[in-house]
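This report concerns only the one structure given below.
The values are calculated or read from the model by the stated rules, or taken from the named source; none is laboratory data. This one's a predicted model, so the numbers in the text were calculated from it and none came from an experiment. Quick reminder, even Gly has a Cβ in these numbers, built from the backbone with ideal geometry, and neighbours come from all protein chains shown. What goes into the accessible areas is simple: the full protein's heavy atoms, side chains included, and nothing from ligands, DNA or RNA. Shrake-Rupley method; radii C 1.70, N 1.55, O 1.52, S 1.80 Å.
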Amino acid sequence: MEDVTMRAEGLHSMDDHNAGFGLEDGGAQHRPQRGVKLQPLDVIDGYMVRPGFYNRDGATASSNGVSFTIHSHGATSCTLLLFHPQEKEPYAKLKFPESYHIGNTYSMLVFGLRIEDFEYAFQLDGPYNKEKGLLFDKDTVLLDPYARAVTGQRNWGERPEDGEYFVYHARVVENNFDWGKIKQLEIPLEDLVIYEMHVRGFTKDKSSGVTARGTYEGLRQKIPYLKDLGINAIELMPIFEFDEMENARVVDGVQLYNYWGYNTVCFFAPNTGYSSVVEHNHEGDELKQLIYELKQNGIEVILDVVFNHTAEGNEDGPSFSFKGIDNNIYYILTPDGHYYNFSGCGNALNCNHPMTRRFIIDCLRYWVTEYRVDGFRFDLASILARDQNGEPMMNPPILQAIACDSILGKVKLIAEAWDAAGLYQVGHFPAYNRWSEWNGRYRDDIRRFLKGDEGMAGAAITRITGSRDLYDPMDRGQSASVNFLNCHDGFTLYDMYSYNMKHNEKNGWNNTDGDNNGNSWNCGVEGHTDDPEVEKLRRRMVKNAFVTLMCSRGPAMFYAGDEFCNTQFGNNNAYCQDNLISWLDWTRLEEYQEIHDFFRYMIAFRKKHAVLRKPTREAACGFPDISIHNDYPWNARTNHTSRLIGVMYAGRDEADEKDDIVFYAMNAFWKPLEMQLPGLPQNMKWKVCINTSVEYEDGKNIEEETEFHFGSKLKIPPRSAVVLVGEEEA
């Protein structure tokens, strides 16, 4: 009893140590009145305990101790394990008394704990029946699904026990980051220019010039670059704690990893391998500082989240969390207890079960309130539309719940509206007036048109003008279609015009992995070339693609490094490449300064002309919001051989001071073509603002001072884009 007293006596110092603690909602429903202490009711393994905070999931520190809460529908008992930091064996095992079990929830407050002195995990006992999906094992160490920090993988690429699965532990995190008066930016989605990036790959190469390469801090040091480029949102590839060592292997002497991170270990914990410093009990502070400074610079943060599967895999994978808690609830199982694999990664989360649904909502709320993120891109989101048998649902409860949640009411919700099992929902993803979609049809149709395929002109016009065949503006608004040509999955923009075929040999699968239908074109030579004419054409094709993206209705997204022609050497599935294949080579910024300047100009041009992004008030001159002028004015017809298109946007500028008229013309043919421009009101004239065929000289290749009046013909060079604006005459 003397030992118990000594541990309990630590409560006074703990009050001071935890003075800044509190529950994320203020903890009012649990915290006693000021000056009143909760009293222990039991002693377990030498520790004073009492029932904990049932409404607070995971580990919650308070002035009285630490409350541990976990839910399980099928478990018959629960034990809390306490470990000294970095120790494999627990120094205490505290079995929850029956009276600490309400419904399907176990909760226990342990007195006298200092959060820096321990790590924790759970063990759950219960029935074991594989055919029914029950995998309870009282000896399996289980990670808290609500853990705010995960131990064991602090250093990227290191595995504590070679050849064995990690035994994950959790750590209690002190959430006391001062956000001050920072506010959510709430930039309208259609106004976004989104920059997708991998945290590690963005600055890992020494050419990045930062002092903390491959980390949140390294990315923070690049904020001035991002602000100068002009983007107003970044989309971070997975930053939840994941296992880069999953399926790690050596191919031709090169260590390969699960580099992208689409194998979540814990949904509430940031990946500690991306931190530049050890943040024990303060995990996430470096990430929060990054987000804080991005917001200060007008840049929103969108997280790529993976709620379609977990790192536990299939029958051959480890059991470290959901499998041992409620395997038959959290995963979609076949009638004989095996795992449906709609994700292509071994399992599929049962997202529409009430327990999983609650977990997902809790997680999203946490990242919005504790990390102030502005939106989420949902990987393989069509899995969230499947029921417990794997069948697509007309009205998936999870999608509706996310769309209607009060905390999530203004965050961006972007779906990758397909899955690996063939469910393709682009254009008809259950939207509830909130969800937007990665428009895979935009990517495919525009790629084909720009490289000169026959029969694509009509489809290209439809995609450029907002894909209204897929997204009715009256129903889905102006932001349903997130337009993109390149992302992490596939060719980079430069590689799209440097390779006809994928070159994934270094992935170790004999080039069988990755997309076989990239709609790319090598401009005459496969891969690297010293031919100046081929290189000139590739640069022009890159410009054509970005002009088209910036002149398309709806939010726009491009992949980090495309602005200086970053290459992956033809690898279109670089998920395992933690090396120069995936890292940005910042030396290309100097080599391709021309392309960078062009991207920056086009982003600013798009920002200046609101009619490119969305309808504005009707133009005083009477021009419609969108009109088509193929070859000659007001001609909207196309045929199988059409490769010259003209799209005119018209409306009032955002200040409602004057008409804003922008004309986009694209010649995807290999010969020059003429286009007669529509007439402007008498007080206006056409001015060319972009001509991708103009030679680059000292950064002045972007504007050309050519003017056109009514009746004039515009001769567009081969494979070139021209953009004009209507200007008032002096």
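General observations
- Among strands (runs of 3 or more DSSP E) entirely within region 604-669, having at least 1 residues that are closer than 30 Å to L226 by Cβ singles out 644-652, 659-667.
- Test: residue in region 395-402 that is in a loop (DSSP other than H, G, I, E, B), surrounded by fewer than 18 Cβ atoms within 10 Å (Cβ to Cβ) and out of contact with any Gly (no Cβ under 7 Å at 6 or more places or on another chain): yes
- Of all residues in region 304-320, those satisfying the criterion of being in contact with a Pro (Cβ under 9 Å, 6 or more places away or on another chain) and not hydrophobic (A, V, I, L, M, F, W, C) are D304, E312.
- Meets criteria (in contact with a Leu (Cβ under 7 Å, 6 or more places away or on another chain) and under 19 Å from I628 (Cβ atoms)) for I464: no
- Flag for H353 being open to solvent by less than 10 Å² (accessible area, probe 1.4 Å), modelled with pLDDT of 95 or more, out of contact with any Phe, Trp or Tyr (no Cβ under 7 Å at 6 or more places or on another chain) and not aromatic (F, W, Y): no
- Members of region 655-690 found to be under 17 Å from L612 (Cα atoms), touching a Ser or Thr at 6+ places or on another chain (Cβ under 7 Å) and modelled with pLDDT under 95, listed by number: V688
- Any hit, region 125-146, residues being aliphatic (A, V, I, L, M) and closer than 30 Å to P555 by Cα: no
- Residue list for region 277-308, filter: more than 19 Å from A59 (Cβ to Cβ), open to solvent by less than 20 Å² (accessible area, probe 1.4 Å) and part of a loop (DSSP other than H, G, I, E, B): I299, V306, F307, N308
- Taking region 435-452 as the range and being free of Cβ contacts under 8 Å to residues at least 24 places away in the same chain and open to solvent by 10 Å² or more (accessible area, probe 1.4 Å) as the test, only D445 passes.
- Qualifying residue in region 653-669 (condition: over 29 Å from I187 (Cβ atoms), polar (S, T, N, Q) and surrounded by fewer than 23 Cβ atoms within 10 Å (Cβ to Cβ)): no
- Candidates E526, E563, E533 - the one that is over 18 Å from F669 (Cα atoms), in a helix (DSSP H, G or I) and of a type in the set (D, E, K, R): E563
- For the condition surrounded by fewer than 21 Cβ atoms within 10 Å (Cβ to Cβ), of a type outside the set (A, V, I, L, M), closer than 16 Å to L485 by Cβ and modelled with pLDDT of 95 or more, D405 does not qualify.
Residue-by-condition table, conditions (1) at pLDDT below 95; (2) crowded, with 19+ Cβ neighbours inside 10 Å:
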| site | (1), (2) |
| --- | --- |
| Y225 | no, no |
| I231 | no, yes |
| I239 | no, yes |
| D243 | yes, yes |
| Y259 | no, yes |
| V265 | no, yes |
| S275 | no, yes |
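- Filtered by the rule that a residue be of a type in the set (A, V, I, L, M, F, W, C) and crowded, with 18+ Cβ neighbours inside 10 Å, region 590-616 gives I595, F598, F599, M602, I603, F605, A610, V611, L612.
- Of note, N308 does not satisfy the criterion of being more than 30 Å from G375 (Cβ to Cβ), modelled with pLDDT of 95 or more and in contact with a strand residue (DSSP E or B) (Cβ under 7 Å, 6 or more places away or on another chain).
- Unmet requirement for Y106, which otherwise passes all of (1) open to solvent by 60 Å² or more (accessible area, probe 1.4 Å); (2) touching a Cys at 6+ places or on another chain (Cβ under 8 Å): (1)
- For region 71-88, the candidate set comprises residues that are modelled with pLDDT of 95 or more and open to solvent by 10 Å² or more (accessible area, probe 1.4 Å); within that set, the residue that is farthest from F322 (Cα to Cα) is H84.
- Flag for Y146 being under 26 Å from E246 (Cα atoms) and either modelled with pLDDT under 90 or surrounded by fewer than 22 Cβ atoms within 10 Å (Cβ to Cβ) (or both): no
- Verdict on T369 being among the polar types (S, T, N, Q), within 24 Å of the chain's Cα centre (by Cα), closer than 14 Å to H309 by Cα and part of a helix (DSSP H, G or I): no
- In region 530-565, residue farthest from V301 (Cα to Cα) [restricted to those that are open to solvent by less than 10 Å² (accessible area, probe 1.4 Å) and among the β-branched types (V, I, T)]: V542
- Tally, over region 109-123, of residues that are open to solvent by less than 10 Å² (accessible area, probe 1.4 Å) and either within 11 Å of A59 (Cα to Cα) or under 33 Å from the mean Cα position of the chain (by Cα) (or both): 8
- Boolean, M648 is open to solvent by less than 10 Å² (accessible area, probe 1.4 Å), out of contact with any His (no Cβ under 7 Å at 6 or more places or on another chain), modelled with pLDDT of 95 or more and aliphatic (A, V, I, L, M): no
- So N297, is it more than 30 Å from Y225 (Cα to Cα) and of a type in the set (S, T, N, Q): no
- Among the residues of region 196-223, those that are small (G, A, S) and open to solvent by less than 10 Å² (accessible area, probe 1.4 Å) comprise G201, S208, G214, G218.
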